[in-house]
Every structure is written in C-alpha cells, then in structure tokens.
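The next block holds one structure in the form of structure tokens; read it before the comments.
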Ligand code: NAP
Ligand code: ZN
Ligand code: ZN
C-alpha cells in the first residue's frame, strides 16, 4: 500500500462494482486523514488500498472511533511510530466487494475491523483464537506492517481492504456509529471481564470512565456483576448510574480509598495516566485482581506488600481474539449495548484529541468518514 499526496477524491482505480466479484486486479484510491509526524496536525489526503485478493473484502468505512491509543501512537508516546500515519482501529462499515474465495461476508453486510488485520494463523495462540497474542506478532490495523512489509493504514479513511478472517460481523440492532467503538473499547473491557469471571456475586470496579471505561460499566452490568465506577470526579455520576453502575466514587477524595478498602474482586484500570497503584490494590479483596488495560507511557510502581497482604494479583489484558470479539458484538446486540458516541466530522479530529486527553469525552468520538 502506498501513500499518495494528492487532493482528496473518492476515486476507485479498480472500477470495482458493489457486487460479488472475482478477484479485482487494481488498487483503490481513497480519501484519508493523514498525520506526517508526532507534532503534525491531520490533513486530508488519499491512500491506496491493495487490490481485493481471493480472501479479501473491501469495506466502505462509515465510522471510525477515536481510541486513546490512536493519540498515544500519533503523538509517539509509546515510542517510534511509522509516518505518514492514518490511525483508526474501531472501524464500522459495509462490504462493497469480496474476493472469489470469500465465504464469511457478502456484499452489503455490516462489518467491523478492530486492532489487527492479520496474524500468523499457525502459532499456539492463533490456533487457540488468541490472535492478539500471536507469537509471530500480528499485523496492526495501522502503525504496523503486513507480513509482506507494506505499511498498514487504519480507519480514518473511506475504505479498507482486509482478509475476511479478520473482519467481524456487526449484528442488526446496533447502529454503525455506536458499534465502531466496540471493536476496541468493547472487546478490551469484555475480554478481561470474562477472563476474570465478572458475573453475579462479583464486585467489579471500573477505574476511569472514558471510552473503555463506559463500555466496561455497561458490559460488567450486563454480565450481572455489582459495578462501581472510580472516576476522578463525580461529574459523570448520572451517566455512570445510567450505564448500570451500582456505586460511584471520586478518586480525588481520599475517603474513597478508605471506604472501599478490601471490597472488590476485580478492578479494571482503563486509565491512560499514572496512578497510585498501592491505593487501588488495597481496595481488592482476598484473591482479588487488578487488571491493567490502560497503557500509560511511564513505568508504573507499587509496593509488593500491597499484593502479598491478601494474595492479590496485578495483571494486564490486551484487546481480544477474533472469536471473542464476535462473541462480544453478539452479546452487545443481545443486551442492547452500544457505545455512547459524539459523531464528529473530519475537521474536528485535532480538537477531539485534545478533549480526550483532558478527559472531556462523552464517551467516544466517532468520525463520520463521509466528511473526510
Ligand atoms: P479515554 O477515553 O481517554 O479514557 C481514559 C479515562 O481515564 C479518562 O476518561 C479519565 O476518566 C481517566 N483518566 C485520564 N487521565 C487520568 C489521570 N491523570 N488520573 C486518573 N484518571 C485519569 O481513553 P480510552 O480510549 O478509554 O483508553 C484508555 C487507555 O487504555 C489508554 O491508555 C489506551 O491506550 C488504552 N487502551 C488499551 C487497550 C488494550 O488492549 N489494553 C485497548 C484500547 C485502549 P475519568 O474522567 O472518569 O476519571
Ligand atoms: Zn483502541
Ligand atoms: Zn500466531
């Protein structure tokens, strides 16, 4: 896939028609929001998507969520990134074309793509459906490379071509804008909630009520757990209770940590910044677990005594595999869950990034890609 600097224009070099077709022979040129360095702003440009291979689907992207991970990567907070970059790994759209060997999706289907678009398919983790932990390293949806060496470009664009096995089906009942964030924020919270047994009789705390956190509250409640939100302030309390929280505390108030000492079986930490981990670990019950999904750029510290005092665990979790992501989408549809979104146009992405960093997001910005 090559990056092109030309004026935005929805041209299809392949003449690809919206019908089931044999493998097309040409690439597609699509508008995209591109950033050229960690300090640069987003600009409208075009990128070229690969020709539709035998097992590929071409998707007309309708919406792309803005995950805090997009910001971390576009600003190189996690280390060196690949530029030019087109972020976006919360992708929802409609299948426009399929390769001759595709069996899982049809033209017109509502589909999504999450954080990776390929994996080795052979290692024990891939075979177990845990492609997010592929031992060869999976192919990130953007800021990565295909196994052929080509750079990958993400969802801040109007179209993408991907292998059918890494494309999810979005069930009827969830609108595409509310579904897009499920492809990262949804699965990133669903997977650890399931893995650590959130359900009836379990006390779960969600730290941070942003994009991930608000989905964590909805999903944990739908799983039957007793849910507490630990947010910096009480400003979003009404929303938290509406999402299904049973309790809500401000972490800016030291009394919160005293009141909840030894209470939770599971704490999911979605915070993108540093925390006083000892204060949070002490809120775990005997054998309780605190799970990091937030990915702050700094090294974190804690006292080992905070674990040994009650056989506690400190753990981490990373998105989810393809099978579990589909399970999550079906679960959300069954329970009437989507993300609470603020749909924005392409000119507002820079401003949206700044608002996310200030925790001023309710609760996910989603780009209407028709405006790119
Ligand atoms: P987000 O919308 O910005 O939410 C993060 C929340 O953390 C904020 O809304 C805020 O909640 C809280 N917060 C922010 N700064 C804080 C601070 N200094 N102290 C205490 N709390 C603070 O971001 P997101 O998209 O949900 O992503 C959250 C983190 O998860 C990011 O680091 C992202 O890269 C990471 N992530 C990881 C995975 C994975 O697979 N592990 C997947 C996706 C994202 P309140 O306002 O409620 O306090
Ligand atoms: Zn993400
Ligand atoms: Zn693998």
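Where a number appears in this text, it was derived from the coordinates with a stated rule and is not lab data. All values reported here derive from a predicted model rather than from experimental measurement. No Cβ is skipped: glycine too gets one built from the backbone with ideal geometry, and neighbour counts run over all protein chains shown.
Structure summary
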read-out: Relative contact order (%) - the chain, alpha-carbon pairs under 8 angstrom, separation at least six; value: 17
read-out: Cα radius of gyration and Dmax for the chain (Å); value: 20.5, 65
read-out: Potential lengthening between residue 368 and residue 318 on full extension [0.36 nm per residue; Cα-Cα distance subtracted]; value: 15.3 nm
read-out: Between the range 82-120 and the range 291-333, the Cα center-to-center distance that results, in Å; value: 26
read-out: Burial ordering of 206, 187, 71, fewest other beta-carbon atoms within 10 Å first; value: 71, 187, 206
read-out: Per-residue Cβ neighbour rank within 10 angstrom, fewest leading, 168, 314; value: 314, 168
read-out: 12 Å reach of a label modelled at residue 279, 7 Å along Cα-to-Cβ, counting backbone N of the range 222-259; value: 231-233, 250-259
read-out: Helix 185-195 axis, angle to the chain major axis (alpha carbon atoms, nearest 10°); value: 50
read-out: The chain: angle of helix 211-222 to the longest principal axis, Cα-based, in degrees nearest 10; value: 70
read-out: Most mobile listed residue (46, 270, 103) in the chain, GNM with C-alpha springs under 10 Å; value: 103
read-out: Per-residue Cβ neighbour rank within 10 angstrom, fewest leading, 146, 122, 327; value: 122, 146, 327
read-out: Between 0 and 90°, nearest 10: helix 322-334 axis offset from the chain longest Cα axis; value: 70
read-out: Cβ-Cβ FRET estimate between residue 360 and residue 100, R0 fixed at 35 Å, reported to 0.05; value: 0.15
read-out: Length gained when the stretch residue 43-residue 83 is fully extended (0.36 nm per residue, less Cα-Cα span); value: 13.1 nm
read-out: Candidates 114, 216, 137, ranked by Gaussian network fluctuation over the chain, Cα under 10 Å, top entry; value: 137
read-out: Alpha carbon Rg of the range 231-287, scaled by the compact-globule rule 2.2 N^0.38 Å; value: 1.13
read-out: Projected area, mean over directions - the range 185-316, Cα convex hull, nm²; value: 7.0
read-out: Extended-chain gain in nm, criterion 0.36 nm per residue less alpha-carbon gap, residue 54 and residue 303; value: 84.3 nm
read-out: Within a Gaussian network of the chain (alpha carbon springs, distance under 10 Å), most fluctuating of 58, 362, 303; value: 303
read-out: For the range 76-175, alpha-carbon Rg over 2.2 N^0.38 Å; value: 1.12
